[in-house]
Amino acid sequence: MKIESPKDLFIRLLSEANSAEKQMTRSLPKMARAAHDEKLVEAFKEHLEETRAQVERIEQVVDSDDSIRLRRIKNYGMESLIDEAQELIDNSEKGPVRDAGLIGAAQKVEHLEIAAYGTLATLADQLGFTKAKQLLAETLQEEKSTDEKLTKLAKNDVNRKASS
């Protein structure tokens, strides 16, 4: 897809976000099964439900303006982060050390998504896509909240267990 305007960029980035979220709906159940700490398992399960809602929200963004059409684009950054998480799972035993690594892997994903949704919300605002901006800002806040929850879980629980 050739990018010649801010709207083209918006559509490209929205299509990448859609790909990323769909990849995560397949990856989060694997991460939950690989985790040992019950709080971490629950966090992954909760984020899976949130991610499914985020996919629906992207569809609402598309529905909010007839000129927005998703492209079939693969988010290779997300694919790489998921591959890294799988490599961690494959090369570690189930337990606190793996859990600490899974939190780190999940936070890499959250940071990618925070950057994506921040950019998308700004572009939506500049392009006058008011409804899209609102929907994307909601997802941005969820991604930030998930990152904060993972940080607290790591600091208050998982990393301590991994260190002992």
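The values are calculated or read from the model by the stated rules, or taken from the named source; none is laboratory data. This is a predicted model, so every value here is computed, not measured. All Cβ positions, glycine included, derive from the backbone under ideal geometry; neighbour counts span all protein chains shown.
At-a-glance table
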quantity: Members of segment 1-21 found to be modelled with pLDDT of 95 or more, of a type outside the set (Asp, Glu) and more than 15 Å from ILE58 (Cα to Cα), listed by number; calculated: ILE3, SER5, PRO6, LYS7, LEU9
quantity: Residue list for segment 29-84, restricted to those being of a type in the set (S, T, N, Q) and either assigned to a loop (DSSP other than H, G, I, E, B) or at pLDDT below 95 (or both); calculated: SER64, SER67, ASN75
quantity: Qualifying residue in segment 150-159 (condition: free of Cβ contacts under 8 Å to residues at least 24 places away in the same chain, out of contact with any Pro (no Cβ under 8 Å at 6 or more places or on another chain) and among the basic types (Lys, Arg)); calculated: yes
quantity: Members of segment 125-145 found to be farther than 19 Å from GLU21 by Cα and in a helix (DSSP H, G or I), listed by number; calculated: ASP125, GLN126, LEU127, THR130, LYS131
quantity: Out of ILE68, ILE89, ILE82, sole residue that is crowded, with 17+ Cβ neighbours inside 10 Å and within 22 Å of MET1 (Cβ to Cβ); calculated: ILE68
quantity: GLU16 closer than 22 Å to GLY118 by Cβ, in a helix (DSSP H, G or I) and touching a residue at least 12 places away in the same chain (Cβ under 8 Å); calculated: yes
